[in-house]
Amino acid sequence: MSTDGVVIVGTGVAGATAALGLRTGGYDGAVTLIGREPHLPYRRPTLSKDVLLAGMPAEKALLKPATHWEDIGVAVRTGVTVSGGDTAARTLELSDGAALTYGSLVLATGGAARELPGLSPAPRVRYLRDFADAIALRHELGRAGTVIVLGAGLIGSEVASAAATLGARVTVIEPADLPLARVVPPAIGERLAALQRGAGVDLLLGVRPGEITVDPERVSVALPGGGAVVADLLVVAVGSSPDTGLAERLALRVDDGILVDERYRTSADGVYAVGDCARVPQPLEGGTYRAENWSAAQDQGSAVAQVLLGGAPAPTVPWGWSNQFGAVLQFAGWPAADDEVEVDGPMDTASGDPFIARCSRGGRLAGAVAIGRPKELRSVRGELSEQIAAAVAR
C-alpha cells in the first residue's frame, strides 16, 4: 500500500500532463497514474483523424514511450478503475483489489460519449470516445458504402469527413439549424454547412431523428416528415457527459461536472479535478464552464501541477482545433452562438479559404473561430489571457 504522494485517476492528456508537470517541476514524491483503458496515455485527437483515416496503431499515438514513464518514476497502472475510497482517510480502492493512500488526489476521469436510450454499440451502430471505439469504427468505415452520422458537432463533423474521404456516401442528421450551433455564431455555422455540402455530404439540418431500426444488413433512421434514411452504418455523435461516477462515490460536489475553484480544488481537502470532468470558474463573466477539448485539458493538467507544487496556476484560455473536409477549424476562448462577430476573410465559400471571426459579448472580446489563421488566433488567446490576469488582479 502506497502511503503518500500524488494519485491521478485518468490517463488522458489532463492526467498525464499533470504527472509530467510534477516531475518537470521538481516533485520527487510518488506519482501514480491510474487508467481504465489498457493503453498508456495517448493523443486522443488522433482517434477521429489518423486512426479513422489511416488505422494508426496505439503505439504510434502514445504521448510518451513506456520507458519515459519508467525513467521519470511515474507508476502507470492501466486497465484498472477506482471502485471507491474515503477522502477523510485519503484512501482508494481499486478494481483489482489493491488499495492506495494519497497525499493529493487528482481526478481527470474525462467523459463518455452520450448514448441514445436502447441503442448500444453494435456492428452497425458506433460511438467514438476511446481507442477501442476508433478501431471498431475504422473497421466498419472500411466496408460501409453508406453512413449516417447523428450530430454535426465537432466529433460528428470529423467522423463525417473521415467517412467521406474513405469513399462512403454520408448523411448527417442534426436537430439544430446549423453545425456546431451551440458553440459558434450562425455566420460560421453557415460556412461549415457549406463546407460539408461542398464535400458531397447530405446535411439534414433542423431534423430530429425518429425511430431507429437496426438489423443485420442495414440501419434505418425515420424522418419526421415521413420516409427514412437507410445506410450500412450509423455513427452516434450527440455529445458527451462528464465522468463523475467516482466523484459522486467520494461525495464530492457535482453539477454537470465536478465543481472546482480557481485552483482546481474540489469540495474535499486534498482532492482536485481537471479536464473534461471538471466544471471550472469562468474568470471573465462569472459562472462555470466545462472545456471539452484536448488543449484545454492539457492546460488544466499543467495548471494543477503548478498548484500541487505550491505555485499559482497560470491563466488558461480554452482553445483547440478540428480537421474536417480539408480545412483546419481553430477556436479559442468562449465563442457562443449569439455573439457579435467581426469577420476578416471570405465567408461565402464552400472552400477552406482562411478567415478569422472575433466574437464579442457586451463590447468585450469573448473568443474567436478561424480557418487557416493560427497567428491571429494565438493573438486572441493572448488578449484573453491578459483580460483574465487583469480580472484576477482586481
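Go through 246, 204 for me and flag whichever is aliphatic (A, V, I, L, M), touching an Asp or Glu at 6+ places or on another chain (Cβ under 8 Å) and modelled with pLDDT of 95 or more. Steps first, answer last, please.
Working: 246 fails: touching an Asp or Glu at 6+ places or on another chain (Cβ under 8 Å).
Sole residue among the options that is aliphatic (A, V, I, L, M), touching an Asp or Glu at 6+ places or on another chain (Cβ under 8 Å) and modelled with pLDDT of 95 or more: 204.
Name the residue that is least open to solvent (accessible area, probe 1.4 Å), counting only residues in segment 170-189 that are closer than 24 Å to residue 224 by Cβ, touching a residue at least 40 places away in the same chain (Cβ under 8 Å) and in contact with a strand residue (DSSP E or B) (Cβ under 6 Å, 6 or more places away or on another chain). Of everything passing the filter in segment 170-189, 173 is least open to solvent (accessible area, probe 1.4 Å).
Might you let me know whether segment 344-351 holds any residue that is modelled with pLDDT of 90 or more, in contact with a helix residue (DSSP H, G or I) (Cβ under 8 Å, 6 or more places away or on another chain), farther than 30 Å from residue 26 by Cβ and not in a loop (DSSP other than H, G, I, E, B)? Outline the logic, then answer.
Here is the first cut: in segment 344-351, the residues modelled with pLDDT of 90 or more are 344.
From what is left, the residues that are in contact with a helix residue (DSSP H, G or I) (Cβ under 8 Å, 6 or more places away or on another chain) are 344.
From the residues that got through so far, the ones that are farther than 30 Å from residue 26 by Cβ too are 344.
So of that shortlist, the ones also not in a loop (DSSP other than H, G, I, E, B) come out as 344.
Yes, segment 344-351 contains a residue that is modelled with pLDDT of 90 or more, in contact with a helix residue (DSSP H, G or I) (Cβ under 8 Å, 6 or more places away or on another chain), farther than 30 Å from residue 26 by Cβ and not in a loop (DSSP other than H, G, I, E, B).
Of the residues 220, 267, 240, the single one that is surrounded by 16 or more Cβ atoms within 10 Å (Cβ to Cβ), without any contact (Cβ under 8 Å) to a residue 24 or more places away in the chain and under 24 Å from residue 134 (Cα atoms) is 220.
I'd like the residue in segment 357-373 that is in contact with a Leu (Cβ under 9 Å, 6 or more places away or on another chain) and open to solvent by 10 Å² or more (accessible area, probe 1.4 Å) and, out of all such residues, is farthest from residue 391 (Cα to Cα). So that I can check it myself, show each step before the final result.
Kept after step one, since they are in contact with a Leu (Cβ under 9 Å, 6 or more places away or on another chain), are these residues of segment 357-373: 358-359, 364-371.
Of the ones still in play, those that are also open to solvent by 10 Å² or more (accessible area, probe 1.4 Å) are 358, 364-365.
Values: 358: 20, 364: 13, 365: 14 Å.
Step by step, filter segment 357-373, then rank; the result is 358.
Annotation note: Cβ proximity below 6 Å between a residue of segment 6-19 that is closer than 15 Å to residue 244 by Cα and a residue that is surrounded by fewer than 24 Cβ atoms within 10 Å (Cβ to Cβ) (sequence gap 6+ or interchain) occurs for 9/82.
Given the criteria in contact (Cβ under 8 Å) with a residue 40 or more places away in the chain, open to solvent by less than 20 Å² (accessible area, probe 1.4 Å) and either more than 21 Å from residue 102 (Cα to Cα) or polar (S, T, N, Q) (or both), does residue 250 qualify? Show your work before the answer.
Numbers: in contact (Cβ under 8 Å) with a residue 40 or more places away in the chain: yes; open to solvent by less than 20 Å² (accessible area, probe 1.4 Å): yes; either more than 21 Å from residue 102 (Cα to Cα) or polar (S, T, N, Q) (or both): no.
For residue 250, the condition - in contact (Cβ under 8 Å) with a residue 40 or more places away in the chain, open to solvent by less than 20 Å² (accessible area, probe 1.4 Å) and either more than 21 Å from residue 102 (Cα to Cα) or polar (S, T, N, Q) (or both) - is not met.
Give the residue that is least open to solvent (accessible area, probe 1.4 Å), with candidates limited to residues of segment 285-316 that are under 21 Å from residue 241 (Cα atoms) and outside any helix (DSSP H, G or I).
Looking only at segment 285-316, we keep the residues that are under 21 Å from residue 241 (Cα atoms), and these are 287-301.
Next, from what is left, pick out any that are outside any helix (DSSP H, G or I): 287-293.
Numbers: 287: 57, 288: 68, 289: 28, 290: 38, 291: 6, 292: 75, 293: 29 Å².
Taking the candidates together, the pick is 291.
Evaluating residue 235 against the criteria (1) of a type outside the set (S, T, N, Q); (2) surrounded by fewer than 15 Cβ atoms within 10 Å (Cβ to Cβ); (3) under 18 Å from the mean Cα position of the chain (by Cα) leaves one unmet condition, (2).
Quickly run through segment 320-335 and pick out the residues that are closer than 15 Å to residue 384 by Cα and touching a Lys or Arg at 6+ places or on another chain (Cβ under 7 Å). Please lay out each step first, then the result.
Within segment 320-335, the subset closer than 15 Å to residue 384 by Cα is 320, 331-335.
Result: 332, single match.
Does residue 368 qualify as being part of a strand (DSSP E or B) and modelled with pLDDT of 95 or more? Answer is yes for this residue. Would you call residue 199 among the small types (Gly, Ala, Ser), modelled with pLDDT under 95, open to solvent by 20 Å² or more (accessible area, probe 1.4 Å) and under 16 Å from residue 147 (Cβ atoms)? Taking the combined requirement at face value, the residue satisfies it.
The values are calculated or read from the model by the stated rules, or taken from the named source; none is laboratory data. The shown structure was predicted, so the numbers you read here are calculated from the model rather than taken from an experiment. Cβ coordinates were reconstructed from backbone atoms using ideal geometry, including for glycine residues, and neighbour counts include every protein chain displayed. Just the protein is used for accessible areas: all its heavy atoms, side chains included, with ligands, DNA and RNA removed. Shrake-Rupley method; radii C 1.70, N 1.55, O 1.52, S 1.80 Å.
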